[in-house]
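Just so it is clear, none of the values below were taken in a lab; they were calculated from the coordinates. Here the structure is a predicted model, which means the values were calculated and not measured. Here the Cβ positions follow ideal geometry from the backbone for every residue, glycine too, while neighbour counts run over all protein chains shown.
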Amino acid sequence: MTLFNRNARRGLVSALLLFGAWALGQSPISEPITNFKLPLFNDQGYRTGYLRGEQGIYVNASEIRIVGMELNQYTGDERDAVIGTMESPEALFRFDKSRKSTASGPGAIKLQNDSFVLTGEDWIWQERINQIVINRNVKIVIKDSIGNVIK
């Protein structure tokens, strides 16, 4: 299921890498960054995302744990409108050498846009194939009609 477009994902990965570098350089590794806010922008200066967390914890050079994660995706143009959200009480972002990332969490996740609300538990998102897999208690509420099948 696609919630975030390619440019927003690229911006998120870059921002999280910068966040990790900042966390390493600005505070002891054992100290989390609390109540952080990280806006994400495209090359034209428009907002593409906004990441908030209760805590950002630098695990190592390729992993950052976020407690109380909220991520909004924006249109990336002059409208500056929210087009999707993702929330989870805990997310672990991992970055490989090709700068492709995954994010996962053992607990709940909620994805929402104008067309649906998707909730569940025990999830993993893979940037390389732009796929999220939710393993338990999956529920989707579709707000739009689906052709002649569901209206």
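Criterion applied to Gly84, Gly76, Gly120 was being surrounded by 14 or more Cβ atoms within 10 Å (Cβ to Cβ) and outside any strand (DSSP E or B), and the one residue passing it is Gly76.
Could we say that Ile109 is closer than 29 Å to Tyr46 by Cβ, surrounded by 18 or more Cβ atoms within 10 Å (Cβ to Cβ) and either within 17 Å of the chain's Cα centre (by Cα) or not hydroxyl-bearing (Ser, Thr, Tyr) (or both) here? For Ile109, the condition - closer than 29 Å to Tyr46 by Cβ, surrounded by 18 or more Cβ atoms within 10 Å (Cβ to Cβ) and either within 17 Å of the chain's Cα centre (by Cα) or not hydroxyl-bearing (Ser, Thr, Tyr) (or both) - is met. Checking each residue in region 33-73 for being β-branched (Val, Ile, Thr) and in contact with a helix residue (DSSP H, G or I) (Cβ under 6 Å, 6 or more places away or on another chain) picks out Ile33, Thr48, Ile64.
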